[in-house]
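The values are calculated or read from the model by the stated rules, or taken from the named source; none is laboratory data. Just so it is clear, the structure is predicted and the values come from calculations on it, not from any experiment. Neighbour counts run over all protein chains shown; Cβ positions are idealised from the backbone, glycine included. Please note that ligands, DNA and RNA were not included when accessible areas were found on the heavy atoms of the full protein model with its side chains. Shrake-Rupley method; radii C 1.70, N 1.55, O 1.52, S 1.80 Å.
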Amino acid sequence: PDGSGQRRFDELIATDSRIEPSDWMPAAYRKTLVRQISQHANSEIIGMQPEGNWITRAPSLKRKAILMAKVQDEAGHGLYLYSAAQTLGTDRDTMFENLITGKAKYSSIFNYTTPTWADMGSIGWLVDGAAICNQVPLCRASYGPYGRAMVRICKEESFHQRQGFEILLELMRGTPAQQQMAQESVNRWYAPALMMFGPPDADSPNSQQSMAWKIKRFSNDELRQRFVDMLVPQAEILGVTLPDPDLKWNEERGHYDFGELDWAEFTEVLAGRGPANAIRVSRRRTAHENGEWVRAAARAYADKQSADGQS
Ligand code: ACO
């Protein structure tokens, strides 16, 4: 009430120190962190589905083992992030409930389908590549538990990105049909991957405040530009074409120019009308319901432990 909490908070932010769970923080800071971290956790959990789709059909035992490990990593990322959100006083059951009832957001990218094996390559190269670009700066997010969770997540993401690149590289060194499958997959994932960074800065209601609070360190458009600049030389190594006729080097800016994205499509996906929104949420709900016996057993065990402890 004397304003000392706010002063201390402002000082921690100004000196690039970390806010920890027991520190005083403005209600709006807490709220925006719960929003972003829970959406991020949900994305990791829903993100297991497009790749889970290929585990039984991976083309070799080695690829299958790698894909299983990667999908398991995503489950782990989701769990760290739910834990980070819980330190802000939000409970996990509510976050799960909001996800399976379709109330909570998760990344637009996971509402696209994976019809071919090459999509495992594109997800690794483009989707995880975009995730790294977005998440490396989040390792310095002002909220301690979020920033620390991101450090480990980014290490794992960089392995994911390289395995995707390697899948595409192998396909591009293969038969004409394999090359075509890789190119078609890149054509489908490129623009949705660029949309992962969120709306253009002018239409991003949260960016300014999140940057002032040092949760976000760069704007959506800055990170999108960084990603495009990074992709072009990698696409050259792969021998794939990025599907944008307006993509070209701008000497003056020292960056690649690129074409306008289809923001109407982005809005549709966010509104729940993307190619796979319905199936993603319903699968998650079914998985949650099928897991009820595990939760019941864990509860019964915990109850028995505490009853034993009392006697
Ligand atoms: N998919 C779904 N929703 C999105 C997306 C997207 N690609 N981009 C923005 N939005 C939503 C925002 O959540 C926000 O909605 P809300 O206010 O209801 O929460 C709205 O669109 C407006 O966007 P911004 O004001 O730009 O929102 P914000 O400042 O939170 O920036 C961003 C969005 C960049 C995604 C940020 O939240 C972030 O960095 N999140 C952490 C990273 C993350 O979630 N990654 C998930 C995918 S990567 C992976 O899981 C492998």
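So which of E289, E222 is within 30 Å of I13 (Cβ to Cβ) and assigned to a helix (DSSP H, G or I)? Only one candidate qualifies: E222. For residues in region 236-246 being under 18 Å from S185 (Cβ atoms) and touching a residue at least 12 places away in the same chain (Cβ under 8 Å), which is most open to solvent (accessible area, probe 1.4 Å)? Looking at the filtered set, the residue picked out is I237. Mind checking which residues of region 109-146 are open to solvent by 10 Å² or more (accessible area, probe 1.4 Å), assigned to a helix (DSSP H, G or I) and in contact with a Pro (Cβ under 8 Å, 6 or more places away or on another chain)? Hits for region 109-146 are F110, P145. Restricting the first member to region 26-39 and to residues that are in contact (Cβ under 8 Å) with a residue 24 or more places away in the chain, and the second to residues that are open to solvent by 80 Å² or more (accessible area, probe 1.4 Å) and of a type in the set (A, V, I, L, M, F, W, C), no beta-carbon pair is closer than 9 Å while six or more apart or on different chains. Is one or more of the residues making up region 95-118 within 24 Å of E222 (Cα to Cα) and more than 13 Å from the ligand (Cβ to nearest atom)? There is no residue in region 95-118 that is within 24 Å of E222 (Cα to Cα) and more than 13 Å from the ligand (Cβ to nearest atom).
May I ask you to list the residues in region 164-187 that are crowded, with 21+ Cβ neighbours inside 10 Å and either within 20 Å of the chain's Cα centre (by Cα) or basic (K, R) (or both)? Listed by number, the residues that qualify are G164, S185, V186. In the set R92, R57, only one residue is within 23 Å of R280 (Cβ to Cβ), touching a residue at least 60 places away in the same chain (Cβ under 8 Å) and open to solvent by 30 Å² or more (accessible area, probe 1.4 Å); that residue is R57. For G259, the conditions (1) among the small types (G, A, S); (2) part of a loop (DSSP other than H, G, I, E, B); (3) in contact (Cβ under 8 Å) with a residue 40 or more places away in the chain are fulfilled apart from (3).
Within region 193-219, being open to solvent by 10 Å² or more (accessible area, probe 1.4 Å) and touching a Phe, Trp or Tyr at 6+ places or on another chain (Cβ under 6 Å) holds for one residue alone: W213. Every test in (1) assigned to a loop (DSSP other than H, G, I, E, B); (2) open to solvent by less than 60 Å² (accessible area, probe 1.4 Å) is passed by E252 save one, and that test is (2).
Flag: K70 does not match the condition of being within 11 Å of the ligand (Cβ to nearest atom) and free of Cβ contacts under 8 Å to residues at least 24 places away in the same chain. Do we have Q183 as without any contact (Cβ under 8 Å) to a residue 60 or more places away in the chain, closer than 30 Å to T87 by Cα and part of a helix (DSSP H, G or I) here? Spelling it out, it is not the case that Q183 is without any contact (Cβ under 8 Å) to a residue 60 or more places away in the chain, closer than 30 Å to T87 by Cα and part of a helix (DSSP H, G or I). The residue pairs whose first member lies in region 191-216 and is free of Cβ contacts under 8 Å to residues at least 24 places away in the same chain, whose second member is assigned to a helix (DSSP H, G or I), and whose beta carbons are closer than 6 Å, counting only pairs six or more residues apart or on different chains, are G198/N220; D201/N220; D201/D221; S204/N220. K70: over 13 Å from the mean Cα position of the chain (by Cα) and either under 27 Å from R140 (Cβ atoms) or open to solvent by 50 Å² or more (accessible area, probe 1.4 Å) (or both), yes or no? So K70 fits the description; yes. Total residues in region 262-271 satisfying the condition of being open to solvent by 60 Å² or more (accessible area, probe 1.4 Å), among the hydrophobic types (A, V, I, L, M, F, W, C) and touching a residue at least 24 places away in the same chain (Cβ under 8 Å): the figure is 1.
Flag: S43 does not match the condition of being more than 8 Å from the ligand (Cβ to nearest atom) and touching a residue at least 60 places away in the same chain (Cβ under 8 Å).
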